[in-house]
1. Quick one: order Arg364, Arg271 by neighbouring beta-carbon count within 10 Å, fewest to most.
2. For region 302-374, just say rounded, prolate or oblate: build the C-alpha gyration tensor, square-root its eigenvalues into a ≥ b ≥ c, call rounded for a/c under 1.5, and beyond that prolate if a/b exceeds b/c, oblate if not.
3. Which of Gly75, Thr135, Met386 sits farthest toward the positive end of the charge dipole of the chain, with +1 on the Cβ of Lys and Arg and -1 on the Cβ of Asp and Glu?
4. Can you tell me the FRET efficiency between His454 and Gln330 if r is taken as the Cβ-Cβ distance and R0 is 45 Å, rounded to the nearest 0.05?
5. Quick one: dipole size for region 267-306, taken about the Cα centre, charges +1 on Lys/Arg Cβ and -1 on Asp/Glu Cβ, in debye to the nearest 20.
6. How do Phe209, Phe173 line up, fewest other C-beta atoms within 10 Å first?
7. Below 8 Å, C-alpha to C-alpha, sequence gap of six or more: please give me the relative contact order for region 56-198 in percent.
8. For the pairs Lys391/Lys431; Lys290/Lys431; Lys184/Lys215; Lys297/Lys431, note any where the Cα-Cα span goes beyond 19 Å.
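Each reported figure results from applying straightforward, stated rules to the coordinates on display, with no laboratory input. Treat the numbers as computed from the prediction; the structure is a model and nothing was measured. Cβ coordinates were reconstructed from backbone atoms using ideal geometry, including for glycine residues, and neighbour counts include every protein chain displayed.
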Amino acid sequence: HPVDDPARPGHDLVVVANRLPVDSRTLPDGATEWVTSPGGLVTAMESVMRTVDSGAWVGWAGTPGQQPAPFEADGMSLYPVRLDQEEIERYYEGYSNATLWPLYHDVIVAPVFHRTWWDSYVTANRRFARTAAPTASEGGTIWVHDYQLQLVPRMIREDRADVRIGFFNHIPFPSVELFSQLPKRNQILRGLLGADLVGFQRESDAQNFLAAVRKLLGYHVDGQTISVPGLGAAPVREVVAQTFPISIDSTAVSALTEEPELRERAMQLRRDLGNPQHVVLGVDRLDYTKGIRHRLKAWGELLGDGSIDPRETVMIQVATPSRERVEAYQQLRDEVELIVGRINGDHSSIGRAAVSYQHRSFDRRDMTALFMAADVVLVTALRDGMNLVAKEYVASRPDLRGVLVLSEFAGAADELRAAVMVNPHDIDELKAAILRALALTDEEQEEAMRSLRHQVMENDVQAWAHDFLQRLEHSGAPDRGPKPT
Ligand code: GDG
């Protein structure tokens, strides 16, 4: 332990995630360059890390086979974890993204199981745990994130009885019936239960987890508290499963929209589209959980039956490239592009597309300009832990204009009650919801948006992280020895 080394007393807060907040790039001269990776988790934790004296982040740097030495960035110590090409294929693309991801999202596509993938998941989790465990200070806090690292809490606990361990699951936790299909399901549960606090997006996720622990492990559950047979000196450890709905840096997003340059960009976007009456927007990673095909199907039918005039109403679909080496994602891309092609073939005029389809990523400012330009945003996920796009749209509308159409299967639906709610599996209902959204008066938009903004501006990501860490701080881990004085 670096704790034994007086020169390196360790970090008070250590974040462990699959990816580091920066990606390594190799320059033509062979040198390494670091680029910020702009994910939701990074944005969330950045603002939290700024408030701790000594924070660290453990994660993969994004290039196969490389393990750069630990380094400092943005006032944080970064500890890269190596992943070989084969581990990327088995641990990351395989068990994480072709087994766990579809299973945890209610088997929208069939999960694939391979034992070699599991073996690699264990090996990779162990490497993350071994890198993370020694970096924490005596009695410090380690916060592990997401489904790729579910074994890490227990692996760290076996090494370090003195630290507090939190785990946050960014994606849904499935019903016990579905979870039971997962080979090695009990190892996953025991892995998670190495934490003192296991956090989920929605109440139903926490309830599903508690039910799985009760049914599959037979542990005693009282409310949110699980009694786990002790690994260390104490016979029983208490683990809490609780809901912490994640959010965004609402103030920062809202403030961006006040910049004259962004306002101009938003207006320019509408001009580029030919100044249509209505702009309808979808922004998603190109993922089968996001309901992009359902949305396009509804849109195509609305154009087809004449309910929407493509000269008056334009749809923009941003589909950010994602997991392009996983088969289901390649297939989805083909399907989506086929549908977009058909809609445009049928309904576009020479100069103007019915659906403006963008298969690439935009920077944060362009993304905000898109939100500012959109009259309606469609979030039609079939399953989604939270969905930050919904919250970003609301934060981008201090003008109280715009309508959010929101799937009840996105975690955000628990909080954003004033949205136009929809079951995206029901194409007729989805079509009706889109038409309703387009028909709302300015006053109706204002009323709904005011209520949505109240929710999003009050509950930002700083509050989320603070609440989680507070709760973790107060969680009891009876086998933790007294703090040395
Ligand atoms: C997982 C859970 C949960 C997208 N395209 C671009 C871009 N984005 C940004 C969005 C948003 C983020 O990426 C996506 O977050 P979501 O929440 O919508 O979805 P997942 O990626 O699936 O995230 C999800 C989340 O974790 C947090 O816990 O909410 O349920 O699945 O911020 O704006 N950003 C930029 N360019 C793009 O092209 N800059």
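1. Details: Arg364 13, Arg271 9.
Least to most surrounded, the residues fall as Arg271, Arg364.
2. Numbers: a/c = 2.63, a/b = 1.25, b/c = 2.11.
The shape class here is oblate.
3. Final value for the positive-end residue is Thr135.
4. Details: r = 41 Å, r/R0 = 0.92.
The pair His454/Gln330 has a calculated efficiency of 0.60.
5. Details: 7 positive and 5 negative charges, 25 e Å.
Dipole of region 267-306, to the nearest 20 debye: 120 debye.
6. Details: Phe209 23, Phe173 26.
Listing Phe209, Phe173 from fewest to most nearby Cβ atoms yields Phe209, Phe173.
7. Working: 234 pairs, mean separation 28.9, N = 143.
Once normalised by length, the contact order is 20 percent.
8. Too far apart for the 19 Å limit: Lys391/Lys431.
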